[in-house]
1. Ranked from highest to lowest mean number of other Cβ atoms within 10 Å per residue, what is the order of the peptides 529-539, 139-149?
2. Give me the Kirkwood hydrodynamic radius of the range 53-206 in Å, from all C-alpha pairs, to one decimal place?
3. If you rank TYR213, TYR546, TYR232 by how much accessible surface each has, with a 1.4 Å probe, what is the order from largest down?
4. Within the range 685-727, name every residue whose backbone N is under 16 Å away from a label modeled 7 Å from Cα of GLN737 along the Cβ vector.
5. So if we plug the beta-carbon distance of ASP185 and MET114 into 1/(1 + (r/R0)^6) with R0 = 41 Å, what FRET efficiency do we get, rounded to 0.05?
6. Where does the range 182-257 land on the Kirkwood hydrodynamic radius, alpha-carbon pairs, in angstrom?
7. When the Kirkwood hydrodynamic radius is evaluated over all pairs of different C-alpha atoms of the range 661-779, what value in angstrom, to one decimal, is obtained?
8. Quick check: the distance between the Cα centres of the range 638-676 and the range 213-241, to the nearest angstrom?
Amino acid sequence: MEVTDIGNKEEGKIWHRKPTPGKRVLARVVRTGQKSRIVRFLHVAFDGNGESFLAGDHHGNMYIFDISRNRFCLVQRTGQPCTALAYNLHRQKEFLVALADNSIKCFDKDTKQMVSWMQGHEGTVSSISVHNSGRSAITTSSDVAQIWDLDTFERKRKLSVKKSVGIQKVFYIPHSNTILSCFSDDSVFAWESDTLTCEYQLPALDCGPRISYRAFAVSRDGKLLAAGGRSYLLHLWCLESKELVKVIQMPDEVRTVKQLEFLPDTFDEAAGQTLGVLSQDGLMRFININSCKLLFHLGSPDLAIISVAVSPNGRHVAAVLDNGSISVYSIHDLTQESIKVAVGTEAQELSKLHAKDKPEVRQRSTKPWGTTSLMKRTNPSAEDKENVFPTGLDKERLDALLNEFGEYPAKYRMFLWRSLLCLPENYVAYSTLIDRGLHPAFVSLQHKYPIKSQKLQRGLLRVLSALAHWAAIFGEVEYLPLVSFPFVKLFPNNPLLCFEVVATVIVNWCQHWFEYFPNPPLNILSMTENVLAYHDPGLLRHLLKYGISSQLYVWPLLETLFSEVLTRDEWLRLFDNVFSNHPSFLLMACVAYITCCRRPLLLCFQKQDFEYFFHHRNNLDVGAMIKEAHRLMNNTPSDIHPKMMLNDFTPLAHGQYPIFNQYPEFIVEYRSQERNKIQQQEAECFREIQDVSVLRSNFVRRQAEQMAFSSHQELLQKAEEQRRNILAREEEKLSEQMKRLAAMKRELEVEELGLLDPTKRSFQQHQELGGSQMQRVQQENRRKRLSQQQDTEEDEGLRVRKVDAETSGSRVPIQSSNKNMHAREEWPPNACQRSLESERRGAMAPRLEQSDATRERQVGALAGLHRKTLADQERLAGQKRQEVARARAPVQEQSQPQAPSGTKGLTQQSEVPLHSQLPAAAGAGSPTAGPSTSAGERTKMVCLNSSTSEDSSSSCLSLDRGRTQLDTSERQLLKEIRELRQKLAARARGDSTSSS
């Protein structure tokens, strides 16, 4: 046996060589750590599918072992040992782990992350029970049990007990909302999970030794509770009747029961007939609780089992051994091996099992069926060997039971059918047929026989394909789906058994059906008609009178195996008797059905009525029909009895299925060839149809696109028309607005022209006045220049004459020099210019104020500029006074020593008018000086020249000295004043232009 050491690997294969069929142990897994020390596995748990299981070791590592994929992987490292494991049945990727620190954690196996951490237990959590819905879970410790909501991971309820009474286990009953709580005093209570109200309590046992319950298991249907403990006895409780129905005595080697597990079985409809019992010796014994037979066992004294987990699909068992390894067993191989064991050590151990009925139960008239009646005879006689089945059932007792009740118990029907039909369960042969895939004959079966359930549809296709691969005739038989469908519904989860049941029925109860293929079995119909003619000739004459042959009143019953005319329960009762009798019983059942319906058939006179009658359910007592069939079996003469034409029951052989060739092969081959041709033609037609459908779909799509495009274009045209209408209306509105604006504009222009005419006229007048003034100024300037040139020429002449006179010793009259000086002092161009400028500004200011009222601010600015100009004039005048003073100082110094004593007063008098003249001259140079230069000043200045001759002579002598320097400074000052005036005039013109 191959042993896989996963070591420190995080993923890999479980086994490197695929286990061979018939091998009990599929794989054994061990984990070694440092220094080759074995790290013990502690617990295992299967997921909801049963194809993979979770295992936790002593170091806290959690591994997922996927048996179907032959892979394992490390999903979590908790760091501490686990005490219990369970899968979340609602979310398959989540699992619950109870750890040594009394906490419960939920992990995700895909993301390998912790989902939740639940705390609240003070003791070690010994078990985790998850509800079938996966919405809640119960965790149990010795002192308390807690109910958790697996959606929110919050604690819903806390169940505590007295300290004197400990809790053994609290768990959910499958497929119900009931909680069972088992305590250390052997009391068992049932609670409603939502309200926690006590539903019932199992009665205490007054007789017999105390078992001290430690291990519990509930069957898959939730009807049976198995309990064991510190005893070799097992108690089986019926949870429906709340009674102890059986006590099973285990072998003497069993002193303590550590664990109980019901083995799922598809035959017993999850009732649970096989119970696994793990005892203190490390052996896991699987027993049949009805027959009290030991089926097989796991483990050995050398490799004792610590704990086990059974997959929900009933295929595998994972066991944790005492050496820390995990063994994975195949339940199918174990059951096959148990069937083959009949003698030897197993037979000796079988004799150690006994079934004891409780005295109260034995006295009841309604004793539970099958407690001891189906026990295998240890020493059957030679004449009874043919009545003993391989599984230990007694044929005579079964017949007696069937005659008494008319049917088998529904709870054990599938098990009994399997025993009656002696199904070989050839997994290898069946796998060979299934591996060939879907048979071409049933590709379009769903169109001819539509079934609502997809699961049943797949099961029917699987069974029919396997039959067609087994024998070619079954690919051509049109009524084969009608024969197979009732068994497909009975075995939806086990296709192997369904196939073998159908194959057994065809081999035994459908004998000679295919000899006249493709026609109905005329020989079988003739035998049935002979039996009807013998027992009810009047009814046969009535049928023949209206042209009703056996193909109409017998064949519809046979080709559907009564599934159209009987209900499910009636059909099961009928086939309990069919499988328990000779294959000819099915034909007798057809005759019995017809004779039992004699009265309604005699009332039918049309063919359509007969056809309807044999294809629909009718008011019929099935029990009476079965009794009539048994009467016909016993009272029919041998010369017409179908039993003489049909073979006895022949089970399918083990290992390989028998060859089936009871049909005309050439017809089947011809039909097969024709069918293949038809399928090819259908395939071609289908391809052509697909091409046409593609073309049609393209045409429809293009047509739809064209229609959509046309509608879109129409919408666009409508939208364009609406847009044009809107634009036209807007243009009309805009034209009207433009007209109104043009009219307003014309009115504004007229108003502006009306306002601009006075301004233009005033401006033109101003320009004309300015031009005339400039002409007058220019003329005045020319005149002044001419006069100045004349004065200059006179001054030069006087200076020359003076020089000549001094040279000649003659005296020049002082009066002329005084006149010349007075003329120079009264230089007129400056005064005239100042007066003209003042007049021009005075004339322009009112006109500008009248033309634009908004020039007030500019006028203010001009006023500031005027004030600044005055300040500049004052500054220039001060400078001029200083220069005159500096120029006079040397003149006075030169004139004072030369002046005679009589002229002192004259000199002082001449200085005063000179000082008084300077401010006037400065004021005349100012641009703001008005034209009204005071005549008094001029008179005063003239009065200086009108002095006596003595005074003039003395003053002339004082003024001629330093005159050249004075004239030069005066000219420079006048030049600066002139430039300043030009700047001011240019600035004023710019301001006036900008304002206009």
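1. In descending order of packing, they fall as 139-149, 529-539.
2. 16.3
3. Ranked list, largest accessible area first: TYR232, TYR546, TYR213.
4. In the range 685-727, the label zone of GLN737 (backbone N under 16 Å from the point 7 Å along Cα→Cβ) covers 726-727.
5. So the FRET efficiency works out to roughly 0.60.
6. 13.2
7. 25.1
8. About 48 Å separates the Cα centre of the range 638-676 from the one of the range 213-241.
The values are calculated or read from the model by the stated rules, or taken from the named source; none is laboratory data. Given the structure is predicted, the values throughout are model-derived calculations rather than measurements. Quick reminder, even Gly has a Cβ in these numbers, built from the backbone with ideal geometry, and neighbours come from all protein chains shown. Keep in mind that these areas ignore ligands, DNA and RNA; they rest on the heavy atoms of the full protein, side chains included. Shrake-Rupley method; radii C 1.70, N 1.55, O 1.52, S 1.80 Å.
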